[in-house]
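The values are calculated or read from the model by the stated rules, or taken from the named source; none is laboratory data. Bear in mind the structure is a predicted one, so any value in this text is a computation, not a measurement. Neighbour counts are summed over all protein chains in view; Cβ atoms, including those assigned to glycine, are modelled from backbone coordinates with ideal geometry. Calculation scope for accessible area: heavy atoms of the full protein, side chains included, ligands and nucleic acids excluded. Shrake-Rupley method; radii C 1.70, N 1.55, O 1.52, S 1.80 Å.
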Amino acid sequence: MPKTPSPCIDVCKYKRQGHCIGCSMTKAQKSLFKQLKKNSHREGFIEMLIAQQAQLGKFGGWPSAYAKKLKKKGASLPFDLSP
C-alpha cells in the first residue's frame, strides 16, 4: 500500500491567519506532516485537517484536488474527504 501523500495541493500561500489558502495547513503543520512515518498517523492528521477546514471555512476545492492527487499516486484513504 502506498504511503499517504501530503495534504498539500501545491498552492502554498499563507493568507488566512497563517493558514495556506489551498489546504489550510500552517507552516508548522506542513513540517509536522513530513515527520509522520506511519500511515495511521498520516491519516489521523488528515482527519484533523478536514475538521480544521470545516472550522475555518472556504476550503471547498481541497477535497477534489487532494482526491486527484491520491489517485495519481495510487493511494487511498479509508474515510470520506468531505468535511
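Listed options for volume of the Cα convex hull per residue in Å³ are (1) 82; (2) 201; (3) 70. The value calculated from this structure is the one marked (1). With all protein chains in place and ligands, DNA and RNA left out, the 1.4 Å accessible area ranks Met48, Met25 as Met48, Met25, largest first. Accessible surface of the chain, 1.4 Å probe: 54 percent of it comes from carbon and sulfur atoms. Here's the picture: charge each Lys and Arg Cβ at +1 and each Asp and Glu Cβ at -1 in the chain, and of Gly61, Ala28, Phe45 the one pushed furthest to the positive end of that dipole is Ala28. Rounded to the nearest 20 debye, the dipole magnitude of the chain is 380 debye, with +1 charges on Lys and Arg beta carbons, -1 on Asp and Glu beta carbons, and the Cα centre as origin. Beyond 21 Å in Cα-Cα separation lie the following of the pairs Lys30/Lys73; Lys34/Lys58; Lys37/Lys58: Lys34/Lys58; Lys37/Lys58. With contributions of -39500 (n - 2.57) from each DSSP H run of at least four residues, the per-residue ellipticity at 222 nm computed over the chain stands at -15000 deg cm²/dmol.
In the assembled protein chains, Ile50 presents an accessible area of approximately 20 Å² (probe radius 1.4 Å). Probing with 1.4 Å while keeping every protein chain in the model, the per residue accessible area of the chain equals 62 Å².
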